[in-house]
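Here's the structure we're looking at; comments come further down.
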Amino acid sequence: MSYFRKNIEKAKGYEPGFQPAETDVVKLNTNENPYPPSLNVMKVLSEISPEQLRRYPDPMGSAFREAAAEVNGIGPDYIMCCNGGDELLRIAFQAFCDENRPVAYPVPTYSLYPVLAELQNCKAIEVPFDGEFNLPAKLAASAASLTIVCNPNAPSGSFINVDELASLADEAGGALLIDEAYVDFAEKNCTALVKNFDNVIILRSMSKGYSLAGIRFGYAIAQPDLIAGLAKVKDSYNVDAVAVAVATAAVRDQDYFQKSVEKVKAERTRLTGQLRGLGFDVPDSSSNFILAKCRNGKAVEVYEKLTQRNIFVRYFAYPQLKDKLRITVGTAEQNDRLLSALKEILSEFS
Ligand SMILES: Cc1ncc(COP(=O)(O)O)c(C=O)c1O
């Protein structure tokens with residue numbers, strides 16, 4: 001006999017990328033930034049006082065709200081702090097979806113969306129992307145209560161123009177959540193849309209561009225009414241005092257952030273070129289990972305051989321992805337280790 005709700009009983013749950021315990025590995029499987037966070041972050045962390053730990057944290061993380069508002073050129077009441085971008089996704093599903101209120105999103109995309117739909121017991125309308133990952137025209141017609149577009153998309157790294165997302169916001173009957181977890185590595189973002197559309201929520205993560213995946217911090221940008229509604233659904237103290245202090249220091253050090261992002265982008269260009277040279281089809285990416293298609297179709301074999309060499313990338317057994325590998329852009333040294341392993345592995349196939 002099960003004590004769970006039926007949908008929880010049958011749900012498989014989200015399968016996070018493998019987190020190896022060893023440190024002497026090349027870990028290019030969960031899109032972390034390969035560079036450390038700003039030194040200002042480490043200083044703030046070392047100065048956390050017992051008093052900051054004794055007391056409950058500020059429920060809205062005001063220090064971070066103000067810093068993020070300045071960086072994004074909007075008011076602090078347009079920002080809500082979250083325990084990672086993933087928490088915002090869960091909050092959005094709880095706030096907008098139920099048995100009679102579906103979610104819609106293009107696929108393939110972030111594999112957490114269907115898991116959250118299952119947990120919330122809402123219908124998921126999955127609209128396939130075309131081969132070039134253009135925004136599917138049918139998405140606007142889905143009449144979903146919540147539409148999600150991941151931009152840049154994971155795992156394709158493709159980017160949809162801001163104008164197209166403005167049209168979608170205009171046509172969508174419900175809320176439109178634009179998941180910008182990877183936008184730090186793109187040339188544009190959708191911040192401006194929140195000024196014109198009262199249904200747009202932008203998700204940001206501190207895990208990628210700011211190298212803070214370990215503290216779990218993200219935030220929402222939306223009009224104040226929408227922020228107030230989402231805040232009803234969050235835990236009262238959803239972001240802890242240490243995380244708020246650290247994330248605030250990170251977002252205030254824009255100089256360091258820009259340099260870190262530029263280094264990742266330069267390595268992305270180099271890695272893309274080298275992989276093309278090895279015979280992979282690699283579209284340009286607007287993210288900190290690339291999606292590489294194995295022309296021989298043997299992506300899963302290549303993935304397994306890389307894993308045997310302690311080089312971790314991501315493989316998805318999904319129809320549009322089963323001949324591809326998603327590779328996080330690492331440091332120059334990590335990328336070189338990957339490239340020389342790939343050379344060896346490919347020669348075994350020929
Ligand atoms: C597309 C996408 N959205 C959101 C997130 C959530 O990021 P986090 O919870 O680390 O802020 C991730 C994490 O990998 C992601 O890939």
- prompt: Could we say that residue 316 is part of a helix (DSSP H, G or I) and among the aromatic types (Phe, Trp, Tyr) here?
  reply: no
- prompt: Which is open to solvent by 30 Å² or more (accessible area, probe 1.4 Å), free of Cβ contacts under 8 Å to residues at least 24 places away in the same chain and acidic (Asp, Glu), of 255, 198?
  reply: 255
field: Residue list for region 65-116, filter: within 11 Å of the ligand (Cβ to nearest atom) and among the polar types (S, T, N, Q)
entry: 83, 109, 111
Index of the failed condition, residue 207 passing every other in (1) under 25 Å from residue 247 (Cβ atoms); (2) open to solvent by 20 Å² or more (accessible area, probe 1.4 Å); (3) assigned to a loop (DSSP other than H, G, I, E, B): (2)
- request: Return yes when residue 127 is of a type outside the set (S, T, N, Q), surrounded by fewer than 21 Cβ atoms within 10 Å (Cβ to Cβ) and not in a helix (DSSP H, G or I) and no when it is not.
  value: yes
statement: With the first residue restricted to region 108-127 and required to be closer than 16 Å to residue 14 by Cα, and the second required to be within 12 Å of the ligand (Cβ to nearest atom) and among the β-branched types (Val, Ile, Thr), Cβ contacts under 8 Å at 6 or more apart or on different chains are 109/148; 113/148
Tally, over region 130-152, of residues that are within 15 Å of the chain's Cα centre (by Cα) and free of Cβ contacts under 8 Å to residues at least 60 places away in the same chain: 4
- line: Within region 218-247, of all residues that are among the hydroxyl-bearing types (Ser, Thr, Tyr) and open to solvent by 20 Å² or more (accessible area, probe 1.4 Å), the one nearest to the ligand (Cβ to nearest atom) is 237
- line: Expected single match for in a helix (DSSP H, G or I) and within 20 Å of residue 87 (Cβ to Cβ) among 220, 181, 250 is 250
Of the criteria (1) crowded, with 23+ Cβ neighbours inside 10 Å; (2) assigned to a strand (DSSP E or B); (3) away from the ligand (no atom under 14 Å from the Cβ), which one residue 144 fails: (2)
message: Looking only at residues that are within 16 Å of the ligand (Cβ to nearest atom) and assigned to a loop (DSSP other than H, G, I, E, B) in region 153-178, which one is most open to solvent (accessible area, probe 1.4 Å)?
response: 159
- prompt: Taking region 23-44 only, how many residues are within 14 Å of the ligand (Cβ to nearest atom) and closer than 16 Å to residue 341 by Cα?
  reply: 3
- request: Looking at (1) more than 16 Å from the ligand (Cβ to nearest atom); (2) open to solvent by less than 10 Å² (accessible area, probe 1.4 Å); (3) farther than 23 Å from residue 93 by Cα, find the lone condition where residue 139 falls short.
  value: (3)
query: Taking region 105-118 as the search range and keeping residues that are open to solvent by 10 Å² or more (accessible area, probe 1.4 Å), at pLDDT 95 or above and outside any helix (DSSP H, G or I), which one is farthest from residue 217 (Cα to Cα)?
result: 107
- line: Among helices (runs of 4 or more DSSP H) completely within region 1-104, the ones holding 1 or more residues that are open to solvent by less than 30 Å² (accessible area, probe 1.4 Å) and modelled with pLDDT under 95 are 6-10
query: List the pairs whose first member sits in region 205-217 and is under 17 Å from residue 65 (Cβ atoms) and within 10 Å of the ligand (Cβ to nearest atom), whose second member is aromatic (Phe, Trp, Tyr) and assigned to a strand (DSSP E or B), and whose Cβ atoms are under 8 Å apart, counting only residues at least 6 apart or on separate chains?
result: 206/219
task: Could you give me the residue pairs with C-beta distances under 7 Å whose first residue belongs to region 266-293 and is aromatic (Phe, Trp, Tyr), whose second residue is assigned to a strand (DSSP E or B) wherever it lies, and which are 6+ apart or on separate chains?
output: 280/292; 280/293; 280/294; 289/326; 289/327; 289/328
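The values are calculated or read from the model by the stated rules, or taken from the named source; none is laboratory data. Quick caveat: nothing in here was measured; it's all calculated off a predicted structure. Note that we place each Cβ from the backbone using ideal geometry, even for glycine, and neighbour counts take in every protein chain shown. For accessibility, only protein heavy atoms count, side chains too; no ligands or nucleic acids. Shrake-Rupley method; radii C 1.70, N 1.55, O 1.52, S 1.80 Å.
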